[in-house]
């Protein structure tokens, strides 16, 4: 349990991240792939970050949170506020105020908006606001020992409530139109290929850092306890650990991870509105985890990217069928690939072994003689 | 002469579940270093009694004190555990997806904080203790197995090993021999006997051969309908009219 990556894992992850972080941007810079493709992949990587946040809760701690899209969107909104102010006088109304505020009849910037001129402040809020919300909500939920499906329902309700709130114009968050028409970030033109490439690289690097951080968590004693909570919470309590505190920590960490993904998502897609904040998005992220392989860290990345490639293709080729394709994929994966794409090689190996062995010898050999 | 300090004293406990009185005016005292066996027919309240001690459920009335100074009633499961009260469940409850060694590691005494766990390292004395425990519970060659792959009896031993790793002052052992072969049962008995003296142990059991093995010259408490029916040596309780009556369900001729 003490090495960060085994040799085999190290090579695999090395290859994946080399392609994502070096091959893709170079290919785009040398015009082998077009900027639109790179931009699309940048979006996928943001989704991969969201999927990791679902997985460290669901796959590692046994908490199925349907609120991760909320934290993702909140992070996006905090970044969006900064981006809105960076538009300056370039908006429709040629005002210093964001267009929607002018439209609502405001003549001066509301106080809560003022600090968002500062990028570091916006970054701080990306982490603080979702983190704080997760801490308060988690504290109340876990202290009352809310588990299983009740926890899922509560997180879903929280997301729904927040979306209703953001739909209101009085929130001064752009109502149902949200924020859009972004121009620059840190002086960089968001609509230029160079700007998009930088954002892509930032997303890839962030994904790498989050991946390594979560990987490190799994090999610490904390990681052992985290999985213990998933498998036998009663025993954890009777081993003297406050399961609630451990769950709260994971919940806060996962929410901040989701928010960071949302922060980079918004400048790449160019829009954020409350319809992102819904249960379907959280559920989709759950499907990505299941398809890629939950309880692993590379699984959610593979799942998020592959399901979204499928989605991009299907929504163009068979737009009416997409949800049915998604549903069927999910059912098939749950039934036949319980460990997802990542578990497929082992599954095939196991199947071949079973076919080779005589029926009398098929008694289970513990798969657990760990390396 | 001063009174021997009690390790555990429970007085006047009552607990009912939606009308059913599981524990009725139960008092129970345990001295340091005792190995006490608790027997009783199904529904006598044995497991509920352990639930009350370990904070899993709270009594309707009564008091439970540990080492004469800790009142257990306002505490929750993990706080009670941290006082040094370890519990083995009736059905083996181990971390099935963790290796045997990791199961023991998680049970080792020490910090239980979230942030400490991020940077926790095994101390050298802990690294020495683990093989010792593995030897005691006869799982040395299974150290790297996932606990879920162990045989039923081995899981039971692992769970006892986890209590040893914890260095519990009081071990509460619920039906350790359930589902075991005769030989495994005997070995479990030897294991518990080897722990007696250094630890205070309460064993709940059904199997009378096993009870005879571990309670030779020790006290046995019989529970019936939520309260203590009688108390004494194994021969004494086995010949007690009331015990025979509740166990065999026939009217005693003498009464």
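Here are a few things to note about the model shown:
- Most tightly packed first, judged by the mean number of other beta-carbon atoms within 10 Å of their residues, the peptides A:123-131, A:169-177 read A:123-131, A:169-177.
- Taking every alpha-carbon pair under 8 Å whose residues sit at least 6 apart, chain B reaches a relative contact order of 26 percent.
- Helix A:193-219 vs. chain A, principal-axis angle (Cα, 0 to 90°, nearest 10): 40
- Between 0 and 90°, nearest 10: helix B:152-166 axis offset from chain B longest Cα axis: 80
- Based on C-alpha pairs under 8 angstrom that are at least 6 apart in sequence, the range A:41-275 has a relative contact order of 44 percent.
- Here B:216, A:233 are placed in order of increasing Cβ neighbour count within 10 Å, fewest first, which gives B:216, A:233.
- Degrees, to the nearest 10: A:68-86 long Cα axis against longest axis of chain A: 30
- The share of C-alpha pairs in the range A:41-275 whose separation exceeds 28 Å stands at 35 percent.
- For the options A:77, A:318, A:150, a Gaussian network treatment of chain A with springs between C-alpha atoms closer than 10 Å singles out A:318 as fluctuating the most.
- Max mean-square fluctuation residue, GNM over chain B, Cα-Cα springs under 10 Å, options B:131, B:74, B:59: B:74
- Computed over the Cα atoms of the range A:40-131, the ratio of the radius of gyration to the Kirkwood radius (Rg/Rh) comes to 1.10.
- Ranking of A:322, B:145, A:288, A:216 by count of other Cβ atoms within 10 Å, fewest first: A:216, A:322, B:145, A:288
- As a proxy for reagent exposure, B:209, A:30, A:40 were ordered by neighbouring Cβ count within 10 angstrom, fewest first; the result is A:30, B:209, A:40.
- Among the residues of A:220-228, the average count of other protein chain beta-carbon atoms within 10 Å of the residue beta-carbon is 6.
- Gyration tensor verdict on the range A:249-335 (Cα atoms; rounded if a/c is under 1.5, prolate if a/b is larger than b/c, oblate otherwise): oblate
- Shape call, the range A:152-199: gyration tensor on alpha carbons, a/c limit 1.5: oblate
- Most mobile of B:244, B:23, B:85 in a GNM of chain B (Cα contacts under 10 Å): B:244
- Cα gyration tensor shape of the protein assembly as shown, rounded if a/c is under 1.5, else prolate or oblate by comparing a/b with b/c: prolate
No lab work stands behind these numbers, since they all come straight from the coordinates. Keep in mind that this is a model prediction, so the values were computed, not measured. FYI the Cβ positions are ideal-geometry reconstructions off the backbone, even for glycines, and counts take in every protein chain you see.
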